[in-house]
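Chemist: The structure's right below; bear with me while I get my questions together.
The values are calculated or read from the model by the stated rules, or taken from the named source; none is laboratory data. The shown structure was predicted, so the numbers you read here are calculated from the model rather than taken from an experiment. Backbone-built Cβ (ideal geometry, glycine too); neighbour counts: all protein chains shown. Calculation scope for accessible area: heavy atoms of the full protein, side chains included, ligands and nucleic acids excluded. Shrake-Rupley method; radii C 1.70, N 1.55, O 1.52, S 1.80 Å.
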Amino acid sequence: MTRIGGTDMVDWNLAVTTATRFVRPGPDVTRDEARAIVAELRRHAKSSEAHVRGFTRMAPPGAEAEGAAPEGAPEGGPAEAGAPGRAGTVPPHDTPVLVVDRPGWIRANVAGFRAVLKPLLAKMEDRRSAMPGGAVIGAVGGKVTGAELGMLLSFLASRVLGQYETFAPASRELPAGSQGGRLLLVAPNIVHVERELDVDPHDFRLWVCLHEETHRTQFSAVPWLRDHIEGEVQSFLAETDIDPGALLARLREAAQSLAGARPEGEEGDESRSLVDLVQTPAQREILGRLTAVMSLLEGHADFVMDGVGPEVVPSVAEIREKFQKRRASGAGRLDQALRKLLGLDAKLRQYRDGERFVRAVVEEVGMDGFNRVWTSPNTLPTKQEIAKPADWVARVHR
């Protein structure tokens, strides 16, 4: 990354240090309990592969096999050309599974941020180099940004149960040039939630693994999906207005909106977050497409975990009911305020709206009919179609 005076635009080391310092400690477990939990999560991640592939009829290229649909998979018509084939034999994924603690999740995400934001930060470095005193400003700005990022990650690190790292940087487990990502399971958070909900821990751990394994299957079975999302993200970042005056103007508008002091004659949107309010019009358009894709991916994962659940997770109904209540309520007023400010409420809506879309489409055209969604970027649902599944069926199945 371009450097001026030995200073990056973001002090990544400070971000890691800040986040690990302020993150909440995990639940109390003995060393033997911790080993057993890690081993069980690894077993569940492995066994989830067959369950998810059998239910979704999705498998990586070259792993398809002829034969009847697996028991429990919804009926549908023949698979479409370009869509993922039915799963038969289940070869191992080429993506690693890592069971991590909260600091491990923080380090992984900082590495991911560095990889994704590199083009934008290089652009900002070029702009800074032309400014008088740019190196001094960068030294201060990098520290501030690193600390802010660290505080954000410390908040999120105690809430994420699992994560498929689509843009994971090269590592020992993931060599350079690999097209896959890696799956993270955050053991302390899984244990914390299962205790908080008072549910069967073995069932809950498998239930979480089914959701995260669905994400891994989505990206391994649909090779173009990663590049498509990366292209949208880079387009979003390329539209970032790095002119200080323009950015300050949008921040001023954001502050007025959040304070309820909008300019006269302008209608407000109380559901918009700070992230929404500082975007350019072009970024909002791109984000609309990304929101539709993420709603699809999250809703599909929820649909699969509940569809597979009754066969392999005896207490799935109890888990789902308690988890939905927890997901909707938040931990308190501060937690709810931060979720809204950061746009996390929008992510909760993605689970709900996306799951409703997937369920409606599968009921209408079956699992194979739904799997047409993975044919190409053109068959992905729009944000409007997520809300009206019948429109997607009419467009893609006409």
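Chemist: Cβ-Cβ under 8 Å, sequence separation 6+ or interchain: first residue in segment 131-154 and closer than 16 Å to Trp12 by Cβ, partner assigned to a loop (DSSP other than H, G, I, E, B) and at pLDDT below 50. Which pairs?
Modeler: Gly138/Gly5; Ala139/Gly5
Chemist: For Glu194, are the conditions met, namely being modelled with pLDDT of 90 or more, open to solvent by less than 50 Å² (accessible area, probe 1.4 Å) and more than 17 Å from the chain's Cα centre (by Cα)?
Modeler: Against the criterion (modelled with pLDDT of 90 or more, open to solvent by less than 50 Å² (accessible area, probe 1.4 Å) and more than 17 Å from the chain's Cα centre (by Cα)), Glu194 qualifies.
Chemist: Report, ordered by the first and then the second residue, all pairs with beta carbons closer than 8 Å, sequence separation of six or more or different chains, a first member in segment 286-305 that is open to solvent by 20 Å² or more (accessible area, probe 1.4 Å), and a second member that is small (Gly, Ala, Ser).
Modeler: Thr291/Ala346; Met294/Gly354
Chemist: Keeping to segment 360-378, report how many residues are open to solvent by 20 Å² or more (accessible area, probe 1.4 Å) and part of a helix (DSSP H, G or I).
Modeler: 7
Chemist: Can you tell me which of (1) within 30 Å of Pro381 (Cβ to Cβ); (2) in a helix (DSSP H, G or I); (3) of a type in the set (A, V, I, L, M, F, W, C); (4) at pLDDT below 90 is the one Ala168 doesn't meet?
Modeler: It fails just one condition, (2).
Chemist: Which members of segment 306-321 meet the condition of being crowded, with 18+ Cβ neighbours inside 10 Å, part of a helix (DSSP H, G or I) and modelled with pLDDT of 90 or more?
Modeler: Gly307, Val308, Val316, Ile319
Chemist: Could you list, in sequence order, the residues of segment 197-230 that are farther than 20 Å from Gly309 by Cβ and within 16 Å of the chain's Cα centre (by Cα)?
Modeler: Phe219, Ser220, Leu225, Arg226, Asp227, His228, Ile229, Glu230
Chemist: If you scan segment 205-244, which residues turn out to be surrounded by fewer than 20 Cβ atoms within 10 Å (Cβ to Cβ) and small (Gly, Ala, Ser)?
Modeler: Gly231, Ser235, Ala238
Chemist: Of everything in segment 32-48, what is touching a residue at least 40 places away in the same chain (Cβ under 8 Å) and among the basic types (Lys, Arg)? Give them in sequence order.
Modeler: Arg42, Lys46 - these are the residues of segment 32-48 that are touching a residue at least 40 places away in the same chain (Cβ under 8 Å) and among the basic types (Lys, Arg).
Chemist: Another question about this same structure. Looking only at segment 117-155, which residues are modelled with pLDDT of 80 or more and among the hydrophobic types (A, V, I, L, M, F, W, C)?
Modeler: Ala147, Leu149, Met151, Leu152, Leu153, Phe155
Chemist: I would also like to ask the following. Tally time: how many residues in segment 149-166 are over 19 Å from Thr17 (Cβ atoms) and in contact with a Lys or Arg (Cβ under 8 Å, 6 or more places away or on another chain)?
Modeler: 3
Chemist: Taking the options Arg53, Arg107, Arg114, name whichever one is among the basic types (Lys, Arg), more than 21 Å from Val312 (Cβ to Cβ), outside any strand (DSSP E or B) and at pLDDT 90 or above.
Modeler: When all the criteria are applied, what remains is Arg107.
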